Amino acid sequence: MIEELLKQTIRTIPNFPKEGIMFKDITTLLNNPSAFKQLIDFLYERYKDKNIDYVAGIESRGFIFGSALAYALNAGFVPIRKKGKLPYKTVSKRYELEYGYDEIEIHVDAFRPNSNVLLIDDLIATGGTAAAAVELIKEVGANVVEACFIIELTCLNGRDKINAEVFSILKTE
Ligand code: AMP
C-alpha cells in the first residue's frame, strides 16, 4: 500500500529547522528508486484521465514530484517560486506564516488560457502556501483540478484554507 511505503521511507527529524517542528524529510524517499517510482506511478494512475495540461509545483520540493509527474502525464511543468526568483513578468501573493509573511510568484504567461492545472507540493501544514498558490494559478487564468500533497498534517486543518479540491496520500497528526 502506498501509505505504508511512505511511512517506511519518509523520516521525521525533530526540532528542524527550529525547536518544536517535526520535519518530514522526503530525501529518504527520493533516494530509494523503487519508492520514488511507485509514488510517481500511483499519482500517474490517479491523474492520467483528468486532462491535466500542466503540473504546477511549489518551490522547492514540489518541483521534484511535480516535474516527474508532469513528464509521466505528458503535461507541462510550471514552477511557483519564492519572490524574486522568476525572471519574466509575475503576479505574486503574500501570505501569513506562523511568524511573519512570505511571498510566492508565478509567471503571468505560465499557462495557455483555460488550462487544467494540478498543483503539487510535498506537504500541507497550515495551508497558507498552497492557498496562495491556488489563487495565483486562478489569477493567471487557469483552472485548478486538484491540489495534491504527499503528506498532510491534519491537525492544522490546512485543507480548509484551499479554494480547490484537496488530495493527500499520507495523513499524519
Ligand atoms: P504551510 O504553508 O504551513 O502549509 O507549509 C507548507 C510548506 O512548508 C510546504 O512547502 C512544506 O514543504 C513546508 N513544511 C511545513 N511544515 C513542514 C514539516 N513539518 N516538514 C517538512 N516541510 C514542511
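Where a number appears in this text, it was derived from the coordinates with a stated rule and is not lab data. If you're wondering where the values come from, they're calculated on a predicted model, not measured in any experiment. Positions of Cβ are generated from backbone atoms using ideal geometry, with glycine treated the same way; all protein chains shown enter the neighbour counts.
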Shape parameters for region 1-136, alpha-carbon atoms, Rg then Dmax in Å
15.7, 44
Counting Lys and Arg as +1 and Asp and Glu as -1, what is the net charge of the other residues whose Cβ lies under 13 Å from the Cβ of T126?
-4
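Give me V108, V166 ranked fewest to most by other Cβ atoms within 10 Å of their Cβ, as a rough exposure proxy. Display every interim value, and only then the final one.
Details: V108 14, V166 20.
The most exposed by this proxy come first: V108, V166.
In the structure displayed, which of K24/K93; K18/K48; K7/K82; K24/K138; K37/K89; K7/K37 lie more than 27 Å apart, Cα to Cα?
Correct reply: K18/K48; K7/K82; K24/K138; K37/K89.
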Which of the listed residues, Q38, A75, N116, is farthest toward the dipole's positive end in the chain, when Lys, Arg count +1 and Asp, Glu count -1 at the beta-carbon?
A75
If we count other beta carbons within 10 Å of each Cβ, what is the order of D41, D121, fewest first?
D41, D121
Sum of side-chain charges, I150 neighbourhood, beta-carbon under 10 Å (Lys, Arg +1; Asp, Glu -1):
-1
How large is the dipole of region 1-132 about the Cα centre if only Lys and Arg carry +1 and Asp and Glu carry -1, each at its Cβ, rounded to the nearest 20 debye?
280
Residue farthest toward the positive end of the dipole of the chain, with Cβ of Lys/Arg at +1 and Asp/Glu at -1: which of I13, V55, F167?
V55
Order these by the 10 Å Cβ neighbour count, fewest first: D102, D109.
D109, D102
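Only loop residues by DSSP count here, and only those with at most 13 other Cβ atoms within 10 Å; note down the trypsin sites (Lys or Arg not before Pro) in region 1-96 that meet that. All intermediate terms of the calculation are to be shown ahead of the outcome.
Working: sites: K7, R11, K18, K24, K37, R46, K48, K50, R61, R81, K82, K83, K85, K89, K93, R94; in loops: K18, K48, K50, K83, K85, K89.
For trypsin sites (Lys or Arg not before Pro) across region 1-96 that sit outside H, G, I, E and B with at most 13 neighbouring Cβ atoms in 10 Å, the list reads K18, K48, K50, K83, K85, K89.
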